[in-house]
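In what follows, a single structure is set out as structure tokens and then discussed.
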Amino acid sequence: MPKSVASINSLVRRYKPSTRIEQITYLPQGVSNENYRVDTAEQSWLVKFYAKPLPHEAIAAQRRLAKQAACPAPLYVDEAHQGAIFHYAPGKVPEQFDVSQAVKCLQLIHAQPCSGPYLDLHAELKRYEHQPFYQAYAQALHQVVTDTKMQPEDMRFCHNDLIRQNIISYLGCWQCIDFEYAQPGDRYFDLAMLSISFSLTEAQQHALLSEYFGSEQRIDWVKFTAMQKLVAALNYFWYRANNTAHRVDEAKLQLDEILNAT
């Protein structure tokens, strides 16, 4: 278990001094932070230790979204431990795509107050341009950057890491987790991330965007397609740079397929 039991006990005691922990289970699915299920006699919590400074804006958004059943509620935040305690969300990662649940989550997240620095996707991509694994894609990505820059920005509060593994399905209802990267950004990035992670068919992509935007808003399919390529590249490069071996092969395959599709 990467984090010592003493650290977990200490964080829990600061939240609930009289609590007796019955079991601690390390959850290896997270790739950015350390997550644990902590079981007590009364309930279960998710204990999260952040690799970076606490994302206070994202945690505040989670508090609001929890009231709408869109994510588990934050219960306690501790600067000294650089950690937080959340309600534990029962359920599992969804195997099948549910357009209604996806749209519900997206619309609730994107309706959150939007302030502060935005996620600059092109700056994120530029961080990798001197890496050897970037060079094979340099020419194609130059066109992707050109295509996305030509489209108007559509800024909202975004999750920015809305992969299938960051969704929990329980009794047919979805909740989103792992908001560490949540901040203002382009909502097409969330839509593209979700579509790639679930490997949506063309028909499913049309259903997702049509239900999300409704009849009153125009869908920018050119931007969506370009954003999918940008998402696929950022996913692969992040996994390569962070030595996330169990995700690299799938991410590379997705990037190759989407760049070769057009």
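The values are calculated or read from the model by the stated rules, or taken from the named source; none is laboratory data. Predicted model only: the values in this text are computed from it and were never measured. All Cβ positions, glycine included, derive from the backbone under ideal geometry; neighbour counts span all protein chains shown.
For the structure I just gave you, tell me whether Glu95 is free of Cβ contacts under 8 Å to residues at least 40 places away in the same chain and either closer than 30 Å to Ala207 by Cα or assigned to a loop (DSSP other than H, G, I, E, B) (or both). So Glu95 fits the description; yes.
Output the residues belonging to region 201-223 that are part of a loop (DSSP other than H, G, I, E, B) and out of contact with any Leu (no Cβ under 7 Å at 6 or more places or on another chain).
Thr201, Gly214, Ser215, Glu216, Gln217, Arg218, Asp220
The residue pairs whose first member lies in region 213-226 and is more than 18 Å from Thr148 (Cβ to Cβ), whose second member is part of a loop (DSSP other than H, G, I, E, B) and at pLDDT 90 or above, and whose beta carbons are closer than 6 Å, counting only pairs six or more residues apart or on different chains, are Phe213/Ile219. Answer yes or no as to whether Gln107 is among the polar types (S, T, N, Q) and either more than 26 Å from His56 (Cα to Cα) or in contact with a strand residue (DSSP E or B) (Cβ under 6 Å, 6 or more places away or on another chain) (or both). Criteria not met by Gln107.
Return yes when Tyr118 is part of a loop (DSSP other than H, G, I, E, B), in the same structural domain as Tyr170 (by TED's automatic domain parsing) and at pLDDT 95 or above and no when it is not. Give the derivation first.
Details: part of a loop (DSSP other than H, G, I, E, B): yes; in the same structural domain as Tyr170 (by TED's automatic domain parsing): yes; at pLDDT 95 or above: no.
No, not satisfied.
Note on region 207-223: among residues that are within 17 Å of Arg156 (Cβ to Cβ) and aromatic (Phe, Trp, Tyr), the one that is surrounded by the fewest Cβ atoms within 10 Å (Cβ to Cβ) is Phe213.
Residues in region 62-73 that are touching a residue at least 12 places away in the same chain (Cβ under 8 Å) and not in a helix (DSSP H, G or I): Gln68, Ala69, Ala70, Cys71, Pro72, Ala73. Scan region 130-153 and tell me whether some residue there is surrounded by fewer than 19 Cβ atoms within 10 Å (Cβ to Cβ) and under 18 Å from the mean Cα position of the chain (by Cα). No, every residue in region 130-153 fails to be surrounded by fewer than 19 Cβ atoms within 10 Å (Cβ to Cβ) and under 18 Å from the mean Cα position of the chain (by Cα). Take the conditions (1) exposed (fewer than 12 other Cβ atoms within 10 Å of the Cβ); (2) under 24 Å from His206 (Cβ atoms); (3) at pLDDT below 90; Gly172 misses just one of them, which is (3). Applying the condition of being touching a helix residue (DSSP H, G or I) at 6+ places or on another chain (Cβ under 7 Å) and of a type in the set (Gly, Ala, Ser) to region 61-99 and asking which residue is farthest from Ile168 (Cα to Cα) yields Gly83. Checked against (1) more than 16 Å from the chain's Cα centre (by Cα); (2) assigned by TED's automatic domain parsing to the domain that holds Ala207, Cys105 passes all but condition (1).
Does Ala226 meet the test of being surrounded by 23 or more Cβ atoms within 10 Å (Cβ to Cβ), in the same structural domain as Leu106 (by TED's automatic domain parsing) and either at pLDDT 95 or above or assigned to a helix (DSSP H, G or I) (or both)? Judged against the criteria, Ala226 is a match. Take the residues in region 36-55 that are under 16 Å from the mean Cα position of the chain (by Cα) and not hydrophobic (A, V, I, L, M, F, W, C); name whichever of them is surrounded by the most Cβ atoms within 10 Å (Cβ to Cβ). My answer is Lys48.
Scanning region 206-239 for residues being β-branched (Val, Ile, Thr) and within 17 Å of the chain's Cα centre (by Cα) gives a total of 1. Of the strands (runs of 3 or more DSSP E) that lie entirely inside region 1-61, those containing 2 or more residues that are in contact with a Ser or Thr (Cβ under 7 Å, 6 or more places away or on another chain) and under 26 Å from Thr244 (Cα atoms) span 34-40.
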